[in-house]
1. Could you please find all residues in region 179-194 being buried (at least 18 other Cβ atoms within 10 Å of the Cβ) and hydrophobic (A, V, I, L, M, F, W, C)?
2. When you check SER78 against the structure, is it more than 30 Å from GLU58 (Cβ to Cβ) and hydroxyl-bearing (Ser, Thr, Tyr), yes or no?
3. Just to be sure before I move on: is PHE97 over 24 Å from the mean Cα position of the chain (by Cα), hydrophobic (A, V, I, L, M, F, W, C), at pLDDT 90 or above and not in a helix (DSSP H, G or I) in the structure I sent?
4. Among the residues of region 210-237, count how many are in a helix (DSSP H, G or I) and either among the aromatic types (Phe, Trp, Tyr) or open to solvent by less than 30 Å² (accessible area, probe 1.4 Å) (or both).
5. Which of the following residues is open to solvent by less than 60 Å² (accessible area, probe 1.4 Å), over 29 Å from LYS38 (Cα atoms) and among the acidic types (Asp, Glu): ASP397, ASP444?
6. Within region 75-125, can you find the residues that are polar (S, T, N, Q) and touching a residue at least 60 places away in the same chain (Cβ under 8 Å)?
7. With respect to LYS341, determine if the residue is farther than 17 Å from THR291 by Cα and surrounded by fewer than 16 Cβ atoms within 10 Å (Cβ to Cβ).
8. Find the residue count for region 258-278, including only residues that are surrounded by 19 or more Cβ atoms within 10 Å (Cβ to Cβ) and within 19 Å of the chain's Cα centre (by Cα).
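The values are calculated or read from the model by the stated rules, or taken from the named source; none is laboratory data. All of these numbers come straight from a predicted model, not from anything done at the bench. Glycine gets a Cβ as well: all are built from the backbone with ideal geometry, and neighbour counts include every protein chain shown. Note: areas computed on protein heavy atoms with side chains; ligands, DNA, RNA excluded. Shrake-Rupley method; radii C 1.70, N 1.55, O 1.52, S 1.80 Å.
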Amino acid sequence: MRGRNLLRAFKRAEAVTIFISLFIPFCSCYGEVLSLSKALEYTEKKCYEAEIGKLDLESSKESTNESFSLYYPKIDFSFRHIHLDNDPAFKFGWMDFPAGEQVFWEWDLTLNYTIWDFGRRKKVVESNKKEEEAIFFKVSSDVKIRQVEVTALYMNALTLRDQIEVLKQRKKFLEEHLKIAQNLYEQGIVTRNDVLRTEVALRSLEDQMRTLKSAEINVENNLKKAIGINIEEEITLIDPTKQNIKEEGESGLPQLSFSEEELKKRVLEQNEALKALQMKIDSLNEVYNLTKKDYYPYVVGALGHSYEQNRYTVYPHINKLYLGISLNVFDGGIRKSKISKARIEFEKAQREKAEVEKEIIVKGLEAYREYLDSLEEYKTAKLNVTSSYENLRIIEDQYKEGLLKTTDFLEAESLYAESRFKEIESLHKILVIQAKIVAIIGEDLKKYFN
């Protein structure tokens, strides 16, 4: 009867643990309450990929702004004071005629404008815009990859925390069992070996608990580093699998309900790495078309005014206006080489996208099948917990009756603990795989796990 009471106490302690984990958000004494959604939000704003990505995006926007300047005229102004070693003069026969000053001022103001460039400027602007979009999607993809890593760290920390709680409950349970073994030993029902083996199991449990606590601290520090907060800051993690639970035995996890074909379709339409590569291809295509236009001329014009200090000149101020065509007739093959290089880069980008597309689809299908397998593993783990608990209850009763030894009880108790460990790991594994799939199909992880 006492063994049954201990097992009931064990289950009550487990229920209390779940209740505390749900109550933590309302308690301020645990430091910052960090939900998974909030951790993902921190990652989106503070992780290395996000911060470097912002700089890359700003640089790309400046390149786009720079390309718009091609549509504006250029204004050149020069102002100078000139000293010559001799007075300028014209020679006519044996006579010299002064032509200018030896020391004088002059200035020039000219507005130059490309009237028509056969679409070169448009191609430059379009190429920079596509490159800007490519960087945006690449940054978003890199951040999602980091968010998946953060999700794995977050759930690993929760797994270790829950396993430590299991060990604490095991410790209380073994301490009670030690009292029973000592009582039975004093009555002569069992040998001293039963007491010694229980003491050994307790000491081993304490060592295991220390190891798990150290691992939990290390994982939490890595989590803080990944999301960009100070590792000295205290945080409290909220298990998303224990939120929004409707029925006993269910988890609060969102469910993925689509087929493999639908997953492929979403990957092709929504994956941000593929979008980035497509924008890169479009940008390189614009560059390729731009280099072809190098064989075309430019229609240019200029408007200006100049002044030269010269007492021998009737009109020191001169206004000028001209229209013309500028054409590079021969360049030694430079334009041909540029066109070939642009074509090669364009084709390389197309090949890269085709390869990445295959790789992402394969990874997506692998993750989806792993997700389905993990659901079955979790169901099996839950059944194993129930079976191992019943097995422990039976062995505890038989031990009380003197039919079994402590080794049988310790083995059954260890099996029950391992089953609970596996249940915790398999449940948290489901969420990590879900995060991977959500990132692959290009959806917002924060909203998905909110």
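1. ILE180, ALA181, LEU184, VAL190
2. Criteria met by SER78.
3. no
4. So the count comes out to 6.
5. Working: ASP444 fails: over 29 Å from LYS38 (Cα atoms).
Of ASP397, ASP444, the one residue that is open to solvent by less than 60 Å² (accessible area, probe 1.4 Å), over 29 Å from LYS38 (Cα atoms) and among the acidic types (Asp, Glu) is ASP397.
6. THR110, ASN112, THR114, listed by residue number.
7. No.
8. Looking only at that region, the number is 8.
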